[in-house]
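The values are calculated or read from the model by the stated rules, or taken from the named source; none is laboratory data. Small disclaimer: the values here were computed from a predicted structure and weren't measured. Glycine gets a Cβ as well: all are built from the backbone with ideal geometry, and neighbour counts include every protein chain shown. The protein model used for the area step is the full one, side chains on, heavy atoms only, and it has no ligands, DNA or RNA in it. Shrake-Rupley method; radii C 1.70, N 1.55, O 1.52, S 1.80 Å.
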Amino acid sequence: MCEQSQITCHIEALPYKRAYQKLFNNQVDGLITIDVNTFQDCCLSSDWHTAWIAGFFSEKPLDEIPSAPDQVLGKTLISVAGMKSPYEFMPDLTQWAKDKKVGLFSANNIFTATRMFINNRADLLWGSEEFTWYFEKQHAQNRFNFRPLLSYATVIWVRKDRPDILTKLNAGYALMQKNGTLNEKNILTDDLMKTRYVDAPFNYE
């Protein structure tokens, strides 16, 4: 999209909490994340969006994985620090943890969360579909089931003082739509993904 928008993008992948802090501290011009009210005061969202789905991972069969907030009571749960979605689904989670109704573990990043889960530290892991990449890299891709529970639009948030960037990105998105380079999920078509996508390094020991 940056190429089609004719702008140079410097992209950095960071843990949720640090990425949000950089945006709020004016250290970055934009952020790719879910469409939530948290960013509406500082930023404008792009025309572009794709689905982001979150829920529980578990070794249990799908029909035994919680589908309602109160079904986590009495269980242990891992979440990643800075993620907003577990508290959207379980608004009483902080109080439940204080009251020891739920055993809540907070990991600094996705790798740590998935590693803890692989090592049987909790009954449930709250995460998104993208967590499966970390399981694959740790040879645990077939061990867990995933129950989707929330869906948000993923957008590009751009600071309100840089509307020029958003205008160019929206124009680039419109061009990609016109050229047929996006599929029904608003990501690159399979043929283009094979030529443009480079898998991220996995350097964790």
Please count how many residues of segment 1-23 are open to solvent by less than 40 Å² (accessible area, probe 1.4 Å), of a type in the set (A, V, I, L, M, F, W, C) and over 22 Å from L182 (Cα atoms). 2
Contacts under 6 angstrom Cβ, first residue in segment 47-64 being over 16 Å from S79 (Cα atoms), partner surrounded by 14 or more Cβ atoms within 10 Å (Cβ to Cβ) and among the aliphatic types (A, V, I, L, M), 6 or more apart: H49/A153; H49/V155; T50/I187; W52/I34
Taking the condition at positive phi and open to solvent by 80 Å² or more (accessible area, probe 1.4 Å), does N26 pass? yes
Conditions first: (1) over 13 Å from the mean Cα position of the chain (by Cα); (2) part of a helix (DSSP H, G or I). A122 passes all but one, so which condition is the exception? (2)
Matching residues in segment 182-205 (in a helix (DSSP H, G or I) and open to solvent by 100 Å² or more (accessible area, probe 1.4 Å)) number 5
Note down all Cβ pairs under 6 Å where the first residue falls in segment 94-122 and is within 21 Å of Y20 (Cβ to Cβ), the second is open to solvent by 90 Å² or more (accessible area, probe 1.4 Å), and they're at least six residues apart or on different chains. F111/Y204
Considering each residue of segment 68-91, count those that are in a helix (DSSP H, G or I) and open to solvent by less than 70 Å² (accessible area, probe 1.4 Å), and give that number. 5
When restricted to N26, N109, N37, the only residue at pLDDT below 95 and closer than 27 Å to R143 by Cα is N109
Tell me yes or no: at least one residue of segment 18-28 is under 11 Å from R159 (Cβ atoms) and part of a strand (DSSP E or B). no
